[in-house]
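Asker: Please read through the structure below; I'll follow up with questions.
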Amino acid sequence: MPTINQLSSTSSLASGDQIPVYDASDGDARKASLSTLLSFIEANFANPDLETQTFAPTSNGFTVTATASTSSIWMIVNPTGAFATGTIQFPPDEDCFDGQVIVVTSSQAVTALTVDGNGATVAGAPAALGTNGFAQFRYQASATKWWCVAQSLGSIDTFSDITITGSILSGDGETMLAFAQEGVGTAVNYPTLVYSTTGNEVVIAATGGDTNIEMQVVGKGSGGVRVNGGSTGAALLQGANVAISANTTDASITATGDVVLIAGGVVDVQNRMEFATAPRLTVTTVAALPATPLAGMIAIVNNANATTQNSIVAGGGANSVVVFYDGTNWRIA
């Protein structure tokens, strides 16, 4: 057999042209046609270009099936509207090749999505797609399995668990939310965010392995914690013991540890409230008492014209008295 450099050259090739190969299964040298070589390459190497296949389902419960291809596939699903259920079916597994990629995109939401491997198993498939959501799958021939390797579920991104080792960043790369652990060892307690149906409260709850878990809301440095903007609205504190520690920049308050209730605000303690020192009520005038009080409110006025218990308070005097609102009038306590 002549060596390669002793052979004549050719400027064109045909599918029937032969090349020498060593056949490992037979242990000797053989020949193979270029068409046989081409078939081998097509079966074992994925085409980097995706073949576009477009589908337009028109009804709930639709099924769209990708056509077998020697390339990777981009399935564009354009439903006529948002559907409750739908099925994406891949080509038969015997028509798929190792490393083949299928990208599925949907222009409309599919609330309950089924991804059918058509003879192959599918790992990690999304259970739903939102508007403009997508999922990418790659085929492993040795396992007869499609693996979901990327997904963005559009308007309804849903993940059972997400592992974050540091922070969530904003679009411009700044820290938006940071995560840290209190203490050392394995964490067992954590906050839970609970959303609600109409008419019910949303909740930030302490959850975990301990029977009793305290929750802190902490400002930085001299910064305090404000509820509902710190000016109006109601704060509801619940629990067997409620400890309040707050600072304020109100000009009328000079001592740290004071708690200020703005006029119109309500603090509802379900069991009891204990003060480390004597509570303090703001001293005001009769004219400055709340114009729309709630029954049970108390205050101190410094210009009452009388001190008779249970009488309706009136200004114009120099008496300091405790007053309460009975639902109709402010009276001297």
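The values are calculated or read from the model by the stated rules, or taken from the named source; none is laboratory data. On a predicted model such as this, the values are computed, not experimentally measured, just so you know. Cβ placement follows ideal geometry from the backbone for every residue including glycine, while neighbour counts extend to all protein chains displayed. All accessible areas refer to the heavy atoms of the entire protein, side chains included, with ligands and DNA or RNA removed. Shrake-Rupley method; radii C 1.70, N 1.55, O 1.52, S 1.80 Å.
Asker: Given 0.36 nm per residue, what is the gain on full extension from Val103 to Thr52 after removing their alpha carbon distance, in nm?
Answerer: Between Val103 and Thr52, full extension yields 17.4 nm more.
Asker: Extending each Cα 7 Å along its Cβ direction at Leu13 and Asn319, get the distance between those two points in nm, one decimal.
Answerer: 11.3 nm
Asker: Next question, about the same structure. Hey, what's region 283-326 come to in accessible area per residue, 1.4 Å probe, Å²?
Answerer: Normalised by residue count, the accessible surface of region 283-326 is 57 Å².
Asker: Another one. Run the numbers for Thr85 and Tyr190: contour at 0.36 nm per residue of separation, minus the present Cα-Cα distance, in nm.
Answerer: 34.3 nm
Asker: Calculated FRET efficiency, Val203 and Leu169, Cβ-Cβ r, R0 22 Å, to nearest 0.05?
Answerer: 0.25
Asker: Then there's this: Given R₀ = 41 Å, FRET efficiency for Ile4-Asp93 by Cβ-Cβ distance, to 0.05?
Answerer: So, using R0 = 41 Å, E works out to roughly 0.50.
Asker: What ranking do 191-200, 96-105, 27-36 get when scored by the average of other Cβ atoms within 10 Å per residue, highest first?
Answerer: Final packing ranking: 96-105, 27-36, 191-200.
Asker: Using 1/(1 + (r/R0)^6) with R0 = 45 angstrom and r between the beta carbons of Ala123 and Val218, what's the FRET efficiency to the nearest 0.05?
Answerer: The formula returns an efficiency of 0.60 here.
Asker: Could you compute how much accessible surface Ser25 exposes when probed at 1.4 Å, giving the result in Å² to the nearest 10?
Answerer: Using a 1.4 Å probe on the heavy atoms, I get roughly 100 Å².
Asker: With label points built 7 Å along Cα→Cβ from the Cα atoms of Tyr22 and Thr144, find their separation and express it in nm.
Answerer: About 3.4 nm separates the two model spin labels.
Asker: Enter the accessible area per residue of region 127-192 (Å², integer; probe 1.4 Å; all protein chains in place).
Answerer: 72 Å²
Asker: Next question. How much length is gained on full extension from Asp326 to Arg30, taking 0.36 nm per residue of separation minus their Cα-Cα distance?
Answerer: Stretched fully, the Asp326-Arg30 segment lengthens by 95.8 nm.
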